[in-house]
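> Could you have a look at this structure, given as structure tokens, before my questions?
Quick note: the coordinates plus some simple rules give every number you see, no bench work behind them. Everything numeric here is computed off the predicted structure, so don't read it as measured data. Here the Cβ positions follow ideal geometry from the backbone for every residue, glycine too, while neighbour counts run over all protein chains shown.
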Amino acid sequence: MKIEKVGVVGAGLMGSGIAEVSAKSGFDVIVREIDDASADRGRARIETSMNRAVEKEKLTADDRDAALGRIRFTTEVDELADRDLVIEAIVENLEAKNELFGRLDELCGEQTVFASNTSSLTITDMAAATNRPDRVVGLHFFNPVPVMKLVEVVRTIATSDETFGAAFDFARAVGKVPIAAKDNSGFVVNLLLVPYMLDAIRQLERGVASIEDMDAGMVLGCGYPMGPFTLCDFVGNDTTLRIAEIMFEEYREQRYAPPPLLRRMVAMGRHGRKAGRGFYDYSGDAPVALPV
């Protein structure tokens, strides 16, 4: 199984990053978005990222231009029919993902491998929506994709050895370090990370310490690169809530249950860095903790 042509569905933060690292590694890439405006935003995101890499001398201008030349955008799913590998990076909604894979199943040749970048949904539930469950696998990249080295390669009880091996090899080919994960909600990283983030919010609700002090405690006391509240804002509080809801539905364990404070913050639009406000206010030169 040789992967040369890659399709990426979704040109948001994750999809554009996956397309970028694939093109820089020599793969022929088609990115599908729902409309021209979304495709244009994805293209601009990739160009900005590559230009920044050139400025930092991590990429030559010639290599940037060559990589950009290997990426094509489309709004038509049909144009993914000839791909060897299609990676979906769309909304974290099982119905939407299954609808996409069902359509791709009809379009693509039987050799095409389908992969999902989901962070919390199970790959099995997507594989069951196709007629090729042996060729469905998880490829969970981390944000920002051009920088983060890890990829969780997730196999279901139906994923063939050939498919899993091809996915592992692809992750290495785009410069990542793959790890093998069982198909359970949260895989490896989120299975361990999400309870930590949620528990920090619970301790904040209980008045254990302030946002700033808990963040400082984990950075200075444990050597973490950022504290739990800075991390929540970076990931997106709405994203954290959605992942927690999915994992709680899967396991029915209290440690995965979203705390009331998290729900209230999301309801008020305090989604984190992307919204300018979360646990911190990002409107000034430095983040300032907000009342909760």
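> So I have [x] 22.2, 81; [y] 18.2, 57; [z] 19.6, 57, and one of them is Rg and Dmax of the Cα atoms in Å calculated from this model. Which one is it?
Recomputing Rg and Dmax of the Cα atoms in Å here gives the entry labelled [z].
> Here's a follow-up. If each DSSP helix of 4+ residues adds -39,500 (n - 2.57) and the sum is divided by the residues in the chain, what number results at 222 nm, nearest 500 deg cm²/dmol?
Rounded to the nearest 500, it is -14000 deg cm²/dmol.
> Now for a separate question. I'd like the orientation of helix 237-251 relative to the chain: the angle between its Cα long axis and the longest Cα principal axis, in ° from 0 to 90, rounded to 10.
Approximately 80 degrees, to the nearest ten.
> Please work out the Kirkwood hydrodynamic radius for segment 191-286, using every pair of different C-alpha atoms, and report it in angstroms with one decimal place.
13.5 Å
> How large is the dipole of the chain about the Cα centre if only Lys and Arg carry +1 and Asp and Glu carry -1, each at its Cβ, rounded to the nearest 20 debye?
Details: 34 positive and 45 negative charges, 145 e Å.
Roughly 700 debye, rounded to the nearest 20.
> Restricting things to alpha carbons, tell me how big segment 1-151 is in terms of Rg and Dmax, in Å.
14.8, 46
> Let me ask you something else. Considering only DSSP beta bridges with both partners in the chain, what is the antiparallel share in %, to the nearest 5?
Bridges in the chain that DSSP calls antiparallel: roughly 25 percent.
> In the structure shown, do any of Lys97/Lys176; Lys58/Lys182; Lys97/Lys149; Lys5/Lys58; Lys2/Lys182; Lys58/Lys97 have a Cα-Cα gap over 29 Å, and if so which?
Correct reply: Lys58/Lys182; Lys58/Lys97.
> Show me the GluC sites (Glu not before Pro) within segment 1-42 that DSSP assigns to loop and that have at most 10 other Cβ atoms within 10 Å of their Cβ.
Here the GluC sites (Glu not before Pro) that fit, given the DSSP loop and packing criteria, are Glu4.
> How far, in degrees from 0 to 90, does helix 13-24 lean away from the longest principal axis of the Cα atoms of the chain, to the nearest 10?
The helix 13-24 is inclined about 40 degrees to the chain.
> Shifting gears a bit: Hey, rough spin-label estimate for Val288 and Val189, points 7 angstrom out along Cα→Cβ, what's it come to in nanometres?
Output for this residue pair reads 3.3 nm.
> Then there is this: I'd like to know which of Val21, Val208, Asn184 lies farthest towards the positive end of the charge dipole of the chain, counting +1 on Cβ of Lys and Arg and -1 on Cβ of Asp and Glu.
Val208
> Further question: If you filter segment 101-168 for GluC sites (Glu not before Pro), then keep DSSP loop positions with at most 13 other Cβ within 10 Å, what is left?
Loop-located and lightly packed - Glu110.
> For segment 153-195 and segment 266-290, what is the separation of their Cα centres, given in Å?
32 Å
> When the Cα centres of segment 104-148 and segment 201-255 are compared, how far apart do they sit, in Å?
Each part's Cα centre sits 28 Å from the other's.
> Something else about it: Give me the angle, in degrees from 0 to 90, between the Cα long axis of helix 211-222 and the longest principal axis of the Cα atoms of the chain, rounded to the nearest 10.
Roughly 70 degrees between the two axes.
> Subtracting the Cα-Cα distance from 0.36 nm times the residue separation, let me have the gained length for Ala81 to Glu212 in nm, one decimal.
42.1 nm
> At a temperature of 20 °C and a viscosity of 1.002 mPa s, determine how fast segment 79-148 diffuses translationally according to Stokes-Einstein, using the Kirkwood radius over alpha-carbon pairs as Rh; express D in µm²/s, rounded to the nearest whole number.
Result for D is 175 µm²/s.
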